[in-house]
Amino acid sequence: MKASDLFVKALEAEGVKYVFGIPGEENLDLLESLRTSSIELVLTRHEQAAGFMAATYGRLTGHVGVCLSTLGPGATNLVTAAAYAQLGAMPMLMITGQKPVRTSKQGRFQVIDTVDMMRPLTKYTTQVVGGERIPSVVREACRLAEEERPGATHIELPEDIAAEQTTARLIPESKVRRPIAEHKAIDCAAELIEQASSPLLLIGAGANRKMTSMMLGEFVRATGIPFVTTQMGKGVLDENGELYLGTTALSDGDFVHRAIEAADLIINVGHDVVEKPPFLMDPDGPRVIHINFESAAVDPVYFPQLEVVGDIANSVWQIKEKVSRQAGWDFSFFAEVHTRFMAQKTESESDLRFPLLPERLVKQVYNALPRDGMITLDNGMYKIWFARNYPAAYRNSILLDNALASMGAGLPSAIAAKLVYPERAVLSICGDGGFMMNSQELETAVRLGLHLVVLILRDDAYGMIKWKQGDMKFADFGLDYGNPDFVKYAESYGARGWRVASDEDFAGTIEQCLQEPAVHVVDVPIDYSMNQETLNKTLKELSQAL
C-alpha cells in the first residue's frame, strides 16, 4: 500500500470527516489518497482560515479537526491557528508537507524546520520518517489532541515518504476512560460548600462538555446556588434564569464582580489561567475550590485552596450527591445583583438610535435567532458586549475566543459550525477589521453552498484599541482606516450584500437573511462613542451603589 493511502486510512479510522486546507506540490500523493477516501476536502483560500475551521470543528465535536498545508509559507500560515487551538483547548491536527528527505534536487528551497517551529505551540509535533510509522504517529497525534486538556498537534509528511510503499497496518482501536477525583477531595469540597454562607458557582471553558453541562444543571437545580461564567463558559447553563448573575466580560467594575466579592466560597468549574482571569484572587477574598480535569496552574491571580482533579462531570455529580440545600445559605445579595444587572441591561438595550449602540445590537440579534441558533464572534469591541449581554441558552451556542483572542477567526468558525450543524441557524459577527483579515473565505462559504449570515460591524477603526487608547488618556491616533463597499464586495464573491439604515431596517434584514438560504453579508454601522462612558464610569457607579 502507498504510504499516503495508509495515512488517509489512519485518519478515517480516527473518525475524521473533513480536512480543511490548501495542498501544495509536496502534498499531491496525499491529495490523491484523499480523493478516493470518505473524507471531504474543504479547500480554503488561506491556511490560517483552514486552521481556525479545524480548531472550531474540534471545539464543537470533541474530535480532532484536521487541516492541511504545504511546506514553508503554507506551514507558517498555520502558526496563529496552532496557538488559537492550543490556548483555547481545541483538538486540532495540522498536516504539513515537506521536500523529500532522502534525496532532493531543490536544495533548501522553501525548507524551514517546521517541526521545531511548532514545538512551543503544540502538544505533539513530529516528522514521519517511514511509512511503517504512520499508524502510530497518526494515533498518537489524534489521541493527544483530544486528551484533556485538548490542543494542537502536528505531523510533517515528506513528499518521498508519502509516495513510498509500506506493509504497515493500522493499530486496533483502544478505549480510554478519564480518571475520577479522589473521594477525600470530593468530601472536602462538599463540606466547604455546606459550611459556606454565600457560595457561588463560576463556570469556565473546561465545563463546556455535554455531560458536564448536564451534571452542572442537576447541581444547580438541587442546590439553588447562583452562577456566573467566564466568556468561554457561556451557555454551559441556560443564562435566561434568575440564578444567572452575569459573565465576566470586563476585568472589574461590573455587577458580576460585586457578586464575586460578596461570595465567601467560589466553586470554580473548568477554569484555567489561559483564559483572561474572571476575577483577581486575594488572600483575604473568598475561598476557591478548583474543579477541573487537571490541577491548577498557580498564578499571582489564582491560587485555589482546594483542588478536585479528575473528570469534571463525575466530580460535579459526586459533590451534588453529597451536598444538600442549606437553610443557612444567604443569596439575598446575589438576587439584588441579578435584579440590578437586568434592569441596567434592559434600559441600555432599548435605545433606538442609529448607528446602533452595541447593547441594542446584541438585543436585536438575540430576538432574531432561534433558541438553538449559533453565533460566532471575531475579536473586537463588540465581543465584550455579546459576552456580557447575550443570554446563551445552550453550550457552544456562542463561540468566542478569550484565550489567544485572535482577529480573523469569526467567519472561518462560522463555516465550520455550519458544517457540523447544517440544520441550525449560524450567524457570524465580525468587526470590519477582523472580517477583512479572512474575508476571502466568503468564496469558500459560497462554493460550499452554505446558508450563513455575516454581520460586519463597521466603525472604520480598530475600535477596541481605540477604547483602550482613550481610557489611557492618549490622543486619538493611528487606528482609523477605510473600508470597501461591503455590499459590492459580497456580491463579487456570489454572496448577497445588505446595508442597513435604521434599527427597524436591521431587524427586518436579519429576519430575511435567516429565512433565505444563501451567504448573506450585512453592513451594520455601529456606534461605540458611549463605550468609555458606559464601561468605565456608568457600570462602575451603578454596581458600586449596590
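The values are calculated or read from the model by the stated rules, or taken from the named source; none is laboratory data. Fair warning: this is a prediction, and the values are worked out from it, not measured in the lab. With ideal geometry, Cβ positions are generated from the backbone for all residues, glycine too; neighbour counts draw on all protein chains shown.
Sort through GLU40, GLU47 and tell me the only one that's without any contact (Cβ under 8 Å) to a residue 40 or more places away in the chain and closer than 22 Å to MET437 by Cα. Talk me through it step by step, then tell me what you get.
Working: GLU40 fails: closer than 22 Å to MET437 by Cα.
Only one candidate qualifies: GLU47.
Which one is nearest to ALA222 (Cα to Cα) among residues in segment 318-335 that are among the charged types (D, E, K, R) and surrounded by fewer than 16 Cβ atoms within 10 Å (Cβ to Cβ)?
ARG325
Limited to segment 281-294, what total is found for residues that are surrounded by 14 or more Cβ atoms within 10 Å (Cβ to Cβ) and closer than 19 Å to GLY206 by Cα?
Count: 6.
In the same structural domain as HIS257 (by TED's automatic domain parsing) and either buried (at least 17 other Cβ atoms within 10 Å of the Cβ) or among the hydrophobic types (A, V, I, L, M, F, W, C) (or both): which single residue out of ALA152, ALA196 fits that description?
Just one listed residue meets the conditions, ALA196.
Please work out which one of (1) modelled with pLDDT of 95 or more; (2) more than 20 Å from LEU514 (Cβ to Cβ); (3) hydroxyl-bearing (Ser, Thr, Tyr) is the condition SER350 fails and give its number.
Unmet condition: (1).
Select from segment 111-122 the residues that are crowded, with 18+ Cβ neighbours inside 10 Å and either at pLDDT below 85 or not β-branched (Val, Ile, Thr) (or both) and write down the one among them that is nearest to SER413 (Cα to Cα). Before the answer, list the steps.
Step one: of segment 111-122, the residues crowded, with 18+ Cβ neighbours inside 10 Å are 114, 117-118, 121-122.
When the remaining residues are screened for being either at pLDDT below 85 or not β-branched (Val, Ile, Thr) (or both), the result is 117-118, 121.
Working: MET117: 25, MET118: 22, LEU121: 20 Å.
The selected residue is LEU121.
Might you let me know whether segment 248-267 holds any residue that is part of a loop (DSSP other than H, G, I, E, B), surrounded by 22 or more Cβ atoms within 10 Å (Cβ to Cβ) and of a type in the set (Ser, Thr, Tyr)?
The answer is yes; a qualifying residue exists.
Looking at LEU479, LEU514 in this structure, which one is in contact with a Lys or Arg (Cβ under 8 Å, 6 or more places away or on another chain) and in the same structural domain as GLU441 (by TED's automatic domain parsing)?
Selected residue: LEU479, the only one of LEU479, LEU514 that is in contact with a Lys or Arg (Cβ under 8 Å, 6 or more places away or on another chain) and in the same structural domain as GLU441 (by TED's automatic domain parsing).
I need the full set of residues from segment 503-537 which are surrounded by fewer than 14 Cβ atoms within 10 Å (Cβ to Cβ) and of a type in the set (Ser, Thr, Tyr), in order please.
SER529
Looking for something farther than 28 Å from TRP317 by Cα and either touching a residue at least 12 places away in the same chain (Cβ under 8 Å) or assigned to a loop (DSSP other than H, G, I, E, B) (or both) - is there at least one such residue anywhere in segment 174-191?
Keep residues of segment 174-191 that are farther than 28 Å from TRP317 by Cα, which gives none.
No.
Could you pull out the residue among GLY270, GLY235, GLY206 that is in contact with a helix residue (DSSP H, G or I) (Cβ under 6 Å, 6 or more places away or on another chain) and either surrounded by 22 or more Cβ atoms within 10 Å (Cβ to Cβ) or at pLDDT below 95 (or both)? Give the derivation first.
On the way: GLY235 fails: in contact with a helix residue (DSSP H, G or I) (Cβ under 6 Å, 6 or more places away or on another chain); GLY206 fails: in contact with a helix residue (DSSP H, G or I) (Cβ under 6 Å, 6 or more places away or on another chain).
Every option except GLY270 fails the conditions.
Picking from ALA387, ALA403, ALA409, which residue would you name as being among the hydrophobic types (A, V, I, L, M, F, W, C), modelled with pLDDT under 95 and closer than 27 Å to LEU121 by Cβ? Even if it seems obvious, please write down each step before you answer.
Working: ALA387 fails: modelled with pLDDT under 95; ALA409 fails: modelled with pLDDT under 95.
Exactly one residue qualifies, and that residue is ALA403.
Considering only residues that are under 22 Å from the mean Cα position of the chain (by Cα) and of a type in the set (A, V, I, L, M), look in segment 347-367 and name the one that is surrounded by the fewest Cβ atoms within 10 Å (Cβ to Cβ).
The residue in question is VAL365.
Go through segment 3-49 and give me each residue that's touching an Asp or Glu at 6+ places or on another chain (Cβ under 8 Å), of a type in the set (D, E, K, R) and either under 18 Å from LEU71 (Cα atoms) or not assigned by TED's automatic domain parsing to the domain that holds ALA83 (or both).
GLU25, GLU26, ASP29, ARG45
Going through segment 63-121 one residue at a time, which ones are among the hydroxyl-bearing types (Ser, Thr, Tyr) and under 24 Å from ALA13 (Cβ atoms)?
SER69, THR96
Among the residues of segment 100-113, are any under 30 Å from ALA207 (Cβ atoms), touching a residue at least 40 places away in the same chain (Cβ under 8 Å) and in the same structural domain as VAL129 (by TED's automatic domain parsing)?
Checking segment 100-113: not a single residue is under 30 Å from ALA207 (Cβ atoms), touching a residue at least 40 places away in the same chain (Cβ under 8 Å) and in the same structural domain as VAL129 (by TED's automatic domain parsing).
On the basis of being more than 30 Å from ASN208 (Cβ to Cβ) and out of contact with any strand residue (DSSP E or B) (no Cβ under 8 Å at 6 or more places or on another chain), does ALA168 make the cut? Explain how you work it out, then say what you get.
Values: more than 30 Å from ASN208 (Cβ to Cβ): yes; out of contact with any strand residue (DSSP E or B) (no Cβ under 8 Å at 6 or more places or on another chain): yes.
So ALA168 fits the description; yes.
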